[in-house]
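Beneath this line is the structure, given in structure tokens, with notes to follow.
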Amino acid sequence: MKILVTVKRVMDYNVKPKVKPDGSGVVTDGVNMIVNPFDEIAVEESLKLKEKNGGEVVVLSIGTKDTTTQIRAALAMGADRGILVLADGSVDPDAAARLIKAVYEQEKPDLVVLGKQAIDDDSSQAGQLLAEYLGLPQATFASKVDVAGKTVTVTREVDGGLETISFDMPGVVTADLRLNTPRYASLPGIMKAKKKEVKEFTPAALGVDIAPKVKVLKLEEPKARQAGQKVPDVATLVGKLRNEAKAL
Amino acid sequence: MTTRESRCVGYLFSDRSHETIMTPEMFTAEQRALFGAVAAFTEKEVVPRRKEIEAKTPGLMAALLKKAGGIGALGLDIADEHGGSGTDKTTSMLMAESISREGGFAVSFGAHTGIGTLPIVFFGTDEQKQRYLPALATGEKLAAYALTEAGSGSDALAARATATLSADGKHWILNGQKQWITNAGFADVFIVFAKIDGTQFTGFIVERGMPGVSIGPEEHKLGIRGSSTCTLILENVPVPVQNVLGEPGRGHRIAFNVLNVGRLKLGVFAVGGVKSILRETLPYARERRQFGKALIEFPLIREKFATLLADLYALESMGYRATGAIDAYTAETGKGMEALEELNIESSILKVFGSELLGRAADEALQILGGYGYMEDYPLAKVYRDVRINRIFEGTNEINRMLVPGVLLKRAMKGQLPLMDAFQAASASVSLPEDVVDRATVQARTLALILTGRAAMQFMQGLEEEQEALAALADIHQAAFGLDSVRRRLVQADNQALHLPLARAYAIQEMDRLIARAGRFALDLGGAELHAELAPLLAPLPVSRTAALREVATRYVERGQYWLGAGTVA
């Protein structure tokens, strides 16, 4: 089976994000970038399916040339080849879904696997939009994926229990946190990744207009918490809670 | 046109400035990815198990090493055809840096991949390589190196273990006891040194399963308690003649060449170790409040961090300069082991400077934690115990200090280095540049040349016995190597602003140390006359040390981490 899996370049979750002074975005200069952790899980699942059923895993990402690093990270884990759609600036989930659709139509995979959301904007929309645009079945927030013949069975964690659904390929799956534990890229894997093919396309070449439908007006940091105060006795505390904090 | 530096002691020759040195800024995307992979492995698999490792949980260390083998981290120095990935030295040293977060694990890893595996890589026959290397690359088999005996430590060639040919000529019968063997508790393959007929020092590959091999109890050590250290006991062990490593009687070649790598690696391990210590300490200094302020706001605490950072910058600059030169030499000649030999002066300097910086880092970090630092519940007490071994093994720092001027002068005598001309040309009236980093570099290089030349002339063949002089010269060469490496790294950097505070602070503090060392040595060697002659070179840099260190500390606190080298964004 042929699997198309997407990876997004996001800020390292260990980094405390800082908003740019003009509020147009967050500072990314000198900040470590990683593969979105949910996408790493998607890559791992794709590799497992390939190991079981044979076939090919193609990694797709959208971003600047630097995003090649994240594609190579997935190739180092064992994916076969990469596709980078070159795009500067922010690409909203709708544009991303339409770009993935264009690549889907070229590649004709049996399955598209995405992370359920990216840890930067937390939109959780691309997978659902993609399935809609392609007119394909979708199984989101997968915590277990089984493939038998043409049929994909997906277990989803829902409030109060598990839900099991199935569809016939082709279709779209998005990966939840507990689906698997991604493998470490092996060091020989990293070295081999350098030699694997990464094709580049522009959105124009794919015939997709990526002008954002959602405009970010301004980002602001949360207000800094005020320092605590020490009070001499309970009476003062109650007074402050009542009059200043208006909590009583 | 620039060429890559590929020969030893480039820091002594001002006319080699057209050469490019290797710097961490030149790491490739692939090297950074490899570093990241191993760092993630260490962070997730090793660091959380520190307590279990320290407690010598049975089977854990071997299991962790096998896991490291699973991601290919044990096969970096092993060729493709033998199951490894045959990377260059810079890459394999980068891995050493990223794995050095827990002392016991780092030492076990180093013993397996370095002194345990490399003798077969360098000296094994094709048949031996095929027989052992694939399993050593994956961790299916683990290795140890058995040189030391109760009566022979630094004087390794005085070993008493013997090898006698069996009557049928098919086996060497080994007898003896090898002491303090790292990994002995679980290793499958031992590189053992013994004397054929009591005279010819020879290397052998001994397997754990051979009859007559037994392992003594675990030693109780001050630090690196997670690593296994036992005696290897050999009682009439029949070792097949095919298991002789290298030529009979030439075991010293194996022992010394493998130590060259070990010393280099130790220097690079120290880079990772110091970074790790800083990472443990800064959060404490930020959170702990006394007199209404966080510790990190106190100038003396900041000075401790800044001093360590400046020396770390220098250690990293020297370390990767050396690995880069080894790779360039190997690329030119195709001879990897010769390349390690070529750079062995640098390896000794790195071993000494790295282990001593690591010791200071542990000591100062513990001091920053104060009483908490002294408690075993906090990580610094263990680190403090762990790092002490580094000044002892892979050749004591005393032995390595002797080697620096010793090897240098030997090469000069043989005409392999144009040092005699350089000694002659060096003069205290050399014009000193304005910039402090440039100026310190010229002062240190000139001092190193003049004082080495003078000492050689004064003591002639007797210099070998003048251990105090040799040790002083080693420190003076370390300063010259450090300053030249830092200056060149700064010059080669695209974004010099990132480097400048560290380079300046290092230049100032290194010059202060050098002046004390070289000034006293000049007096001892040539009295007041020589000291007066060298006066221009013995002048401290005319700028504020406090201001330079405060600048480093300010940057560090802003960034929250050491901002250069491996593991940071290119």
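Where a number appears in this text, it was derived from the coordinates with a stated rule and is not lab data. Note that the structure is a prediction, hence the values are computed from the model and not measured. FYI the Cβ positions are ideal-geometry reconstructions off the backbone, even for glycines, and counts take in every protein chain you see.
Please compute the contact order of chain A in relative form: average sequence separation of alpha-carbon pairs under 8 Å and at least six residues apart, divided by the residue count, as a percent. Please report the intermediate quantities before stating the final value.
Values: 471 pairs, mean separation 59.7, N = 248.
Contact order relative to length: 24 percent.
For A:Lys194, enumerate residues with amide H under 5 Å from its amide H, sequence gap 5+ or separate chain, H modeled in the peptide plane.
none
Got a sec? How would B:Phe193, B:Phe122, B:Phe256 order by Cβ neighbour count within 10 Å, fewest to most? Show your work: numbers first, answer last.
Working: B:Phe193 27, B:Phe122 18, B:Phe256 14.
Ordered from fewest to most neighbouring Cβ atoms within 10 Å, B:Phe193, B:Phe122, B:Phe256 come out as B:Phe256, B:Phe122, B:Phe193.
Given a Förster radius of 30 Å and the C-beta distance between B:Ala294 and A:Met33 as r, what FRET efficiency does 1/(1 + (r/R0)^6) yield to the nearest 0.05? Walk me through the numbers on the way to the answer.
Details: r = 30 Å, r/R0 = 1.00.
Given R0 = 30 Å and the Cβ-Cβ separation, E is 0.50.
Starting at the first residue of the stretch B:177-184, write each ³J(HN,Hα) from the Karplus equation 6.51 cos²θ - 1.76 cosθ + 1.60 with θ = phi - 60°, in whole Hz, x for Gly and Pro.
Listing the rounded values in order: 10, 10, 9, 6, 8, 5, 6, 4 Hz.
Stretched out fully, how many nm does the piece from B:Asn175 to B:His252 gain, at 0.36 nm a residue minus the Cα gap? Working shown, then result.
On the way: separation 77, 0.36 × 77 = 27.72 nm, distance 1.86 nm.
25.9 nm is the gain from fully extending B:Asn175 to B:His252.
So if we plug the beta-carbon distance of B:Asp168 and B:Lys335 into 1/(1 + (r/R0)^6) with R0 = 41 Å, what FRET efficiency do we get, rounded to 0.05? Walk me through the intermediate numbers first.
Numbers: r = 37 Å, r/R0 = 0.91.
Given R0 = 41 Å and the Cβ-Cβ separation, E is 0.65.
What fraction of the DSSP beta bridges in chain A is antiparallel, stated in percent and rounded to the nearest 5? Before the final figure, lay out each step's value.
On the way: 18 of 44 bridges.
Given both bridge residues lie in chain A, the antiparallel proportion sits at roughly 40 percent.
Between A:Arg98, A:Arg183, A:Arg81, find the one with the highest GNM mean-square fluctuation for chain A; connect C-alpha pairs within less than 10 Å.
Highest fluctuation among the options: A:Arg183.
Give me the percent relative contact order of the stretch B:417-549, please, defined on Cα pairs under 8 angstrom at least 6 residues apart. Could the numbers behind the result be given before it?
On the way: 123 pairs, mean separation 40.5, N = 133.
Averaging sequence separation for qualifying contacts and normalising by length gives 30 percent for the stretch B:417-549.
Of the residues A:Val231, A:Val158, A:Val91, which exhibits the maximal mean-square fluctuation in a Gaussian network model of chain A defined by a 10 Å Cα contact cut-off?
Highest fluctuation among the options: A:Val231.
Rounded to the nearest 0.05, what FRET efficiency is calculated for A:Asp22 and A:Ala205 with R0 set to 30 Å and r the Cβ-Cβ distance? Don't skip to the end; give the middle numbers.
On the way: r = 32 Å, r/R0 = 1.08.
Rounded to the nearest 0.05, the efficiency is 0.40.
Long-range amide H contacts for B:Lys141: which residues qualify at under 5 Å (H placed 1.01 Å from N, peptide plane, sequence gap of 5 or more or a different chain)?
B:Leu136
For B:Leu245, which sequence-distant residues (separation of 5 or more, or a different chain) have an amide H within less than 5 Å of its own amide H, given hydrogens modelled in the peptide plane?
Amide H to amide H, under 5 Å and 5 or more residues apart or across chains, B:Leu245 pairs with B:Gly203, B:Phe204, B:Ile205.
Please work out the Cα center distance from the stretch B:398-441 to the stretch B:522-570, rounded to the nearest Å.
When both Cα centres are located, 19 Å separates them.
Evaluate the distance, in nm, between pseudo-label points positioned 7 Å from the Cα of B:His220 and of B:Thr554 along their respective Cα→Cβ axes.
It works out to 5.2 nm between the two label points.
Please state the charge dipole magnitude for the stretch B:240-388, taken about the Cα centre, from unit charges on C-beta atoms (+1 on K and R, -1 on D and E), reported in debye and rounded to the nearest 20. Each step should come with its number before you reach the end.
Details: 19 positive and 19 negative charges, 79 e Å.
Here the stretch B:240-388 has a charge dipole of around 380 debye.
For the stretch A:3-23 and the stretch B:27-42, write down the distance between their C-alpha centroids in whole Å.
Each part reduced to its Cα centre gives a spacing of 19 Å.
Could you rank the peptides A:197-207, B:4-14 by their average count of other C-beta atoms within 10 Å per residue, with the highest value first?
On the way: A:197-207: 13.5, B:4-14: 21.1.
Packing order, densest peptide first, comes out as B:4-14, A:197-207.
Sorted by packing (mean other beta-carbon atoms within 10 Å per residue), highest first, where do B:451-461, A:108-118, B:298-308 land? Write down the numbers at each step before the final one.
Details: B:451-461: 17.3, A:108-118: 23.2, B:298-308: 19.0.
Sorting B:451-461, A:108-118, B:298-308 by mean packing, highest first, produces A:108-118, B:298-308, B:451-461.
With a ≥ b ≥ c the root eigenvalues of the C-alpha gyration tensor of the stretch B:3-142, is it rounded (a/c under 1.5), prolate (a/b larger than b/c) or oblate? It would help to have the intermediate numbers written out before the result.
Working: a/c = 2.19, a/b = 1.43, b/c = 1.53.
Taking the square roots of the gyration eigenvalues as a ≥ b ≥ c, the stretch B:3-142 is oblate.
Provide Rg and Dmax in Å for chain A, with only Cα atoms included in the calculation.
Reported Rg and Dmax, both Å: 21.9, 73.
Measure off 7 Å from each Cα along the Cα-to-Cβ vector at B:Asn236 and A:Arg183, then give the distance between these two points in nanometres to one decimal.
4.9 nm
Kindly write out, for the stretch B:365-380 in residue order, the coupling ³J(HN,Hα) from the Karplus curve 6.51 cos²θ - 1.76 cosθ + 1.60 (θ = phi - 60°), rounded to whole Hz, with x marking Gly and Pro.
Going residue by residue, I get 5, 4, 5, 5, 6, x, x, 5, x, 7, 8, 5, 5, 9, x, 6 Hz, with x marking Gly and Pro.
Return the Rg/Rh value of chain B, two decimal places, where both radii are evaluated on C-alpha atoms and Rh is the Kirkwood radius.
0.97
So what are the ³J(HN,Hα) numbers for the stretch B:88-96, from phi and the Karplus equation (6.51, -1.76, 1.60; θ = phi - 60°), rounded to whole Hz, Gly and Pro as x?
Running phi through 6.51 cos²θ - 1.76 cosθ + 1.60 with θ = phi - 60° gives 7, 5, 4, 5, 5, 6, 4, 5, 4 Hz.
State, as an integer percentage, the relative contact order of the stretch B:122-275 based on alpha-carbon contacts under 8 Å between residues 6 or more apart. Could you put the intermediate results ahead of the total?
On the way: 303 pairs, mean separation 37.1, N = 154.
Reported as a whole number, the value is 24 percent.
At A:Lys150 and A:Lys65, where each label point lies 7 Å from the Cα along Cα→Cβ, what is the point-to-point distance in nanometres?
Here the modelled spin labels are 4.5 nm apart.
Where q = 0.07 Å⁻¹, what log10 of I(q)/I(0) comes from the Debye formula for the protein assembly as shown, counting one point per Cα?
For the protein assembly as shown at q = 0.07 Å⁻¹, log10 I(q)/I(0) is -0.63.
Starting with the fewest neighbours, write out B:Asp327, A:Asp39 ranked by other beta-carbon atoms found within 10 Å of each beta-carbon.
B:Asp327, A:Asp39
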